[in-house]
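To start, the structure itself, in structure tokens.
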Amino acid sequence: MAYLLWHLVAESARRYPQRPAVSWRQSVLSYRDLDDQCSRLAALLAASGIGRGDRVALHLPKSIKSVVALLGVLKAGAAYVPVDPSAPARRAAYILKDCAVRGLITTTRNLRPLGEFLPDLRAVETILLADDQAEPVPAGTRVSIRGWGELSEAKVGVLAAETRGVETDPAYLLYTSGSTGTPKGVILSHRNALAFVDWGAETFAVRPDDRLSNHAPLHFDLSVFDIYVALRSGACVVLVPDEIAPFPLELARWIDAEEISIWYSVPSALVRLLLHGRLDRFKYPKLRTVLFAGEVFPVKYLRELQARLGGVEFYNLYGPTETNVCTYHQVPDPLAPETTDIPIGRACANTEVFAIDESGRPAGPGQTGELYVRGPTVMLGYWGLPEKTRDLLIANPLQPGFHDPAYRTGDLVRLEADGCYRFLGRRDHMVKSRGYRIELGEIEQTLYDHLQVKEAVVVAVPDEEIGARLKAVIVPHVGAALDPAELKAFCLGRLPKYMVPEEVLFRDELPRTSTGKTDRVAVARSL
């Protein structure tokens, strides 16, 4: 039985040595070869002095080598830290310095912008170049730069002592946006990840003949499902090439050509596929399951996507990075005409979720409360932020006498009569205007109900007189003739007057984060 993540590969290599494990563009790596390469990388890292308790940054584009890299780091006993290769070098350097990585796996192209910051990254001792190009050691550093070609010479036998570890060891750190303006590192253990992976593989009955897409970047938590559920099941994880991911028509064609059977992404990616991917040109005979998470899926688009992909099962997965997925909901097909939003559903196996109201008491059916999560998938904490960890990873309010930490999500939910939770919005998206408590997500959902609205974001601008003034930023469908007065009237027919945006602005598109979500901070800054 696997109790460390890399055990998944070793077990599947034993059971399915010739089956494809990872596919990218025209390259395919079998389970036997994947196990061999990650073992060699682990040996190379161990020979460089990297082992249990260390951290190694992965700062490279998505490819088969990036999957080998994360598994090799794990097999060496260390934890990997995926860094967005498209992020500014200053942000990448901050992450490397913050968690004191001892190793860095990157490419020559990505290393060069980091060069000016390397003298300050004193913990970095080894750099492995995945493209094997020669690169001079930056001045003022004592760094050993090695090439990927050295894997072929690595002596796998030296790993016996270095790879001992326990399931509570950190496996990876995922850096998310912080409220202070600097990213914070979420520490996930092998146990955290495996509890989620086991649930995912069993719930969606993943088989060795499945082909799972990997659309999310490696620094985004959605990729944990794609990669490790596939490896646990002896299935193939098919990496979406970076140059295809932003283009819906190319992506729609790729899903068909690669015979993807299980798709997982943020709703924004699926909406773009629906609107611009010309899905009617493809049959998708292998596609059986579509999973989405990370954002609210506008119902009008979800309903249309269900109709286009007849017979495919849709699931809404919910959970912040700190908990992995903690609730899920199978979307009825067809959706009832009166449906206006999709529940986040019930707790995953071996996970408990509950809501606490403003008075600190459990919120019952029909009541609003903040969602708490407890169980084996909940993070170890935030790297280097003990106070932040203590604020959000607290003693279980339902069992205060036991050491039983629960994570405060900051999300407001309501428990429905059928036992499903409904997401109402973020605590930090709850604003006050003219004395009224307003959830911005409710206004956005109303705007999405307008047939000519393609995308919508509502921003609260601080105001000394009334607390906050509401502004809506709209992307209309091509050719739509919309004006602010019409949208305000539309909202007024569905919302209280105090929730109607005072100003409606139009944009050709909305900014996106590196994970594909709407960048609300950038929207607010543009006003």
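Below are the figures for this structure:
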item: Where residue 377 falls short, out of the listed (1) within 22 Å of residue 199 (Cβ to Cβ); (2) part of a strand (DSSP E or B); (3) under 20 Å from the mean Cα position of the chain (by Cα); result: (2)
item: Complete set of residues in region 285-301 that are more than 19 Å from residue 216 (Cβ to Cβ) and at pLDDT 95 or above; result: 286, 288
item: Residue satisfying condition, being farther than 20 Å from residue 61 by Cβ, in contact (Cβ under 8 Å) with a residue 60 or more places away in the chain and not assigned by TED's automatic domain parsing to the domain that holds residue 443, within set 324, 316; result: 324
item: Matching residues, region 1-54, being within 29 Å of residue 243 (Cα to Cα) and either among the β-branched types (Val, Ile, Thr) or touching a Cys at 6+ places or on another chain (Cβ under 9 Å) (or both); result: 6, 9, 19, 20, 21, 22, 23, 28
item: Condition met for residue 488 (part of a strand (DSSP E or B) and among the basic types (Lys, Arg)); result: no
item: Condition check for residue 192: buried (at least 16 other Cβ atoms within 10 Å of the Cβ) and either out of contact with any helix residue (DSSP H, G or I) (no Cβ under 8 Å at 6 or more places or on another chain) or modelled with pLDDT under 95 (or both); result: yes
item: Some residue of region 474-485 being of a type outside the set (D, E, K, R), more than 29 Å from the chain's Cα centre (by Cα), more than 11 Å from residue 457 (Cβ to Cβ) and not in a loop (DSSP other than H, G, I, E, B); result: yes
item: Every residue from region 235-260 that is surrounded by fewer than 24 Cβ atoms within 10 Å (Cβ to Cβ), under 19 Å from residue 27 (Cα atoms) and small (Gly, Ala, Ser); result: 245, 257
item: Members of region 50-68 that are over 19 Å from residue 230 (Cβ atoms) and either in contact with a Gly (Cβ under 9 Å, 6 or more places away or on another chain) or β-branched (Val, Ile, Thr) (or both); result: 50, 51, 52, 53, 54, 55, 56, 57
item: Selection within region 183-214 - of a type in the set (S, T, N, Q) and in a strand (DSSP E or B); result: 189, 213, 214
item: Residue tally, condition surrounded by 21 or more Cβ atoms within 10 Å (Cβ to Cβ) and in contact (Cβ under 8 Å) with a residue 40 or more places away in the chain, over region 80-101; result: 6
item: Test for residue 355: is it in a strand (DSSP E or B), over 23 Å from residue 444 (Cα atoms) and among the small types (Gly, Ala, Ser); result: yes
item: Residue match in region 385-403 (condition: at pLDDT below 80 and on the phi > 0 side of the Ramachandran plot); result: no
item: Single match in 443, 474, 438 (criterion: touching a Phe, Trp or Tyr at 6+ places or on another chain (Cβ under 6 Å) and in contact (Cβ under 8 Å) with a residue 12 or more places away in the chain); result: 474
item: Conditions (1) buried (at least 20 other Cβ atoms within 10 Å of the Cβ); (2) without any contact (Cβ under 8 Å) to a residue 60 or more places away in the chain: number failed by residue 364; result: (1)
item: Check on residue 461, in contact (Cβ under 8 Å) with a residue 12 or more places away in the chain and either basic (Lys, Arg) or in contact with a helix residue (DSSP H, G or I) (Cβ under 7 Å, 6 or more places away or on another chain) (or both); result: no
item: Segments classed as strands (runs of 3 or more DSSP E), wholly inside region 78-152, with at least 2 members that are within 24 Å of residue 381 (Cβ to Cβ); result: 79-82, 103-106
item: Pairs, first closer than 18 Å to residue 374 by Cβ in region 400-426, second among the β-branched types (Val, Ile, Thr) and assigned to a loop (DSSP other than H, G, I, E, B), C-beta under 6 Å, six or more apart; result: 407/378; 421/344
item: Qualifying positions in region 216-261 - under 16 Å from the mean Cα position of the chain (by Cα), more than 22 Å from residue 192 (Cα to Cα) and at pLDDT 95 or above; result: 239, 240
item: Lone unmet requirement of (1) in contact with a strand residue (DSSP E or B) (Cβ under 8 Å, 6 or more places away or on another chain); (2) of a type in the set (Lys, Arg); (3) closer than 22 Å to residue 515 by Cα for residue 102; result: (3)
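Each row is one residue, and each column tells you yes or no for (1) surrounded by 23 or more Cβ atoms within 10 Å (Cβ to Cβ); (2) part of a loop (DSSP other than H, G, I, E, B); (3) in contact with a helix residue (DSSP H, G or I) (Cβ under 8 Å, 6 or more places away or on another chain); (4) not small (Gly, Ala, Ser).
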| position | (1), (2), (3), (4) |
| --- | --- |
| 5 | yes, yes, yes, yes |
| 9 | yes, no, yes, yes |
| 12 | yes, no, yes, no |
| 18 | no, yes, yes, yes |
| 28 | no, no, no, yes |
| 39 | yes, no, yes, no |
| 44 | yes, no, yes, yes |
| 51 | no, yes, yes, no |
| 56 | yes, no, yes, yes |
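Every residue, every condition in (1) modelled with pLDDT under 95; (2) outside the structural domain of residue 70 (by TED's automatic domain parsing); (3) surrounded by 14 or more Cβ atoms within 10 Å (Cβ to Cβ); (4) of a type in the set (Val, Ile, Thr), yes or no:
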{"residue": "155", "(1), (2), (3), (4)": "yes, no, no, no"}
{"residue": "160", "(1), (2), (3), (4)": "yes, no, no, no"}
{"residue": "167", "(1), (2), (3), (4)": "yes, no, yes, no"}
{"residue": "171", "(1), (2), (3), (4)": "no, no, yes, no"}
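The values are calculated or read from the model by the stated rules, or taken from the named source; none is laboratory data. Everything numeric here is computed off the predicted structure, so don't read it as measured data. Glycine gets a Cβ as well: all are built from the backbone with ideal geometry, and neighbour counts include every protein chain shown.
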